[in-house]
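Down below is the structure, laid out as structure tokens.
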Amino acid sequence: MSEDYSLRSVQVTLPPLARFTQFLQARGKRVTEQRRLIVEMIYSHHAHFDADELMGHLQDLIARRKISRPTVYRTLSEVVEAGLLRKMTLGRRRVYEHDYGYPRHDHLHCEMCNKLIEFHSEDLERIRDAVAREHEFQIIGHRMFISGICADCRKLDERKR
């Protein structure tokens with residue numbers, strides 16, 4: 001029997017936009033239409049993305065001057081600060097992923113195409129917890145990236161040979 005490494009669902013008390021609204025209001029900032037549109041786009045689907053990819057999705061609004069590039073960058077920083085997104089660095093690329101309302105997980109990272117494969121392992125968490133107990137270490141969180149080459153890239157490499 002194979003193990004299930006799929007991600008579990010997480011219950012949240014507020015939708016992402018409402019959580020972001022709370023964050024902004026607590027800091028005396030306005031919830032502008034631009035910020036709302038950006039957060040809605042970010043949470044319209046789950047995928048790792050960088051700022052340029054987000055701008056691509058917002059290109060129509062940027063072209064019509066409804067949203068500016070600096071507003072996208074500022075809002076991304078605010079969304080990270082609000083705990084809705086996590087920013088990761090993969091080589092020279094800064095990538096964002098959903099954090100709020102998304103389960104704890106780890107990643108397989110393809111060094112050739114930068115694909116990220118998400119997984120969750122109870123066994124890994126048990127090992128982490130056992131090592132922490134042994135060292136009287138209080139865990140705040142963990143993030144694991146396992147680097148390698150994905151099946152698609154290995155197949156491409158085999159065809160080239």
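Every number here is computed from the coordinates shown, using simple stated rules; none is lab data. In this text, all values refer to a predicted model and were calculated from it rather than measured experimentally. Cβ coordinates were reconstructed from backbone atoms using ideal geometry, including for glycine residues, and neighbour counts include every protein chain displayed.
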Item to check | Neighbour-count order for PHE23, PHE49, PHE145, fewest beta carbons within 10 angstrom listed first | outcome: PHE145, PHE23, PHE49
Checklist outcome for this item: Largest-first semi-axes in Å of the equivalent ellipsoid built from the Cα gyration tensor of the chain are 31, 24, 13
Item to check | Theoretical gain in end-to-end length, ARG128 to ARG92 [0.36 nm per residue, Cα-Cα removed] | outcome: 10.1 nm
Item to check | Contact order normalised by residue count of the chain, Cα under 8 Å, 6+ apart, percent | outcome: 23
Item to check | Dipole of the chain [Lys/Arg +1, Asp/Glu -1 at C-beta], most positive-end residue of ILE62, ALA51, HIS142 | outcome: ILE62
